[in-house]
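The structure under discussion appears below in the form of structure tokens.
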């Protein structure tokens, strides 16, 4: 499968714990996006990387959230001190020059 | 920032009928408008897109129209089939930044056999 992959697919954690998600984009795609999707809503933009540089961050991305793309390939999204409101599907997308974004299957986070 | 509104939130049609979903956007800098289909538990997948220099685009049973002056765009599905049942999201992408997408709230389409 040469599409965008994400790991893990599901994560259940207790409030206050830290979690980290990984996204592997399509290999030649230099742009990578993170979105959050809650039930019944469209995906909401969190942050954007071009190669290894994080160029855009949404106001939704609180200080507890951090994202990295150290070598311009895979990316990680870490949430510290998780809260119940963080429960959502976290989607990663990537693209090259064409504006179409290719989405991964998402990581579903449940905070108990 | 960009704000995208989408209507209706749910839509039921008989198989073979047409379905229309409408979206409005607020940022005149938006110049790319994709439509994604998301089946339950699956990733969003692009079904059609349109750029701001085009008024209409068609791909078999699916068409999209764009009115830049009014800042609205619509998805049209003709001869609907049960496999068209899914949630559809419109999005707008402003130029100049990371070209991130601002999504509507989605339309749950049910095609009744």
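Between A:9, A:15, A:69, which is over 19 Å from residue B:102 (Cβ atoms), crowded, with 16+ Cβ neighbours inside 10 Å and at pLDDT 95 or above? So the residue among A:9, A:15, A:69 that is over 19 Å from residue B:102 (Cβ atoms), crowded, with 16+ Cβ neighbours inside 10 Å and at pLDDT 95 or above is A:69. The residues of segment A:18-39 that are surrounded by fewer than 16 Cβ atoms within 10 Å (Cβ to Cβ) and closer than 14 Å to residue A:104 by Cβ, listed by number, are A:22, A:27. The residue of segment B:19-42 that is nearest to the other protein chains (Cβ to nearest Cβ), among those that are under 26 Å from residue B:79 (Cβ atoms) and in a loop (DSSP other than H, G, I, E, B), is B:42. State whether one or more residues within segment A:92-101 are at pLDDT 95 or above, surrounded by 14 or more Cβ atoms within 10 Å (Cβ to Cβ), assigned to a loop (DSSP other than H, G, I, E, B) and within 11 Å of another protein chain (Cβ to nearest Cβ). Yes, segment A:92-101 contains a residue that is at pLDDT 95 or above, surrounded by 14 or more Cβ atoms within 10 Å (Cβ to Cβ), assigned to a loop (DSSP other than H, G, I, E, B) and within 11 Å of another protein chain (Cβ to nearest Cβ).
Cβ-Cβ contacts under 7 Å between residues 6 or more apart (or on different chains), taken from a first residue in segment A:1-16 that is away from chain B (no Cβ under 12 Å) and on the phi > 0 side of the Ramachandran plot to a second residue that is loosely packed, with under 14 Cβ neighbours inside 10 Å and modelled with pLDDT of 95 or more, are listed as A:16/A:81.
On the given criteria, is residue B:83 in a helix (DSSP H, G or I) and either modelled with pLDDT under 95 or away from chain A (no Cβ under 14 Å) (or both)? The answer is yes for residue B:83. Residues in segment A:40-57 that are in contact with a strand residue (DSSP E or B) (Cβ under 7 Å, 6 or more places away or on another chain), closer than 16 Å to residue B:103 by Cα and at the interface with chain B (Cβ under 8 Å from one of its Cβ atoms) were compared, and the one that is surrounded by the fewest Cβ atoms within 10 Å (Cβ to Cβ) is A:44.
The values are calculated or read from the model by the stated rules, or taken from the named source; none is laboratory data. None of the values given here were measured: they were computed from a predicted structure. With ideal geometry, Cβ positions are generated from the backbone for all residues, glycine too; neighbour counts draw on all protein chains shown.
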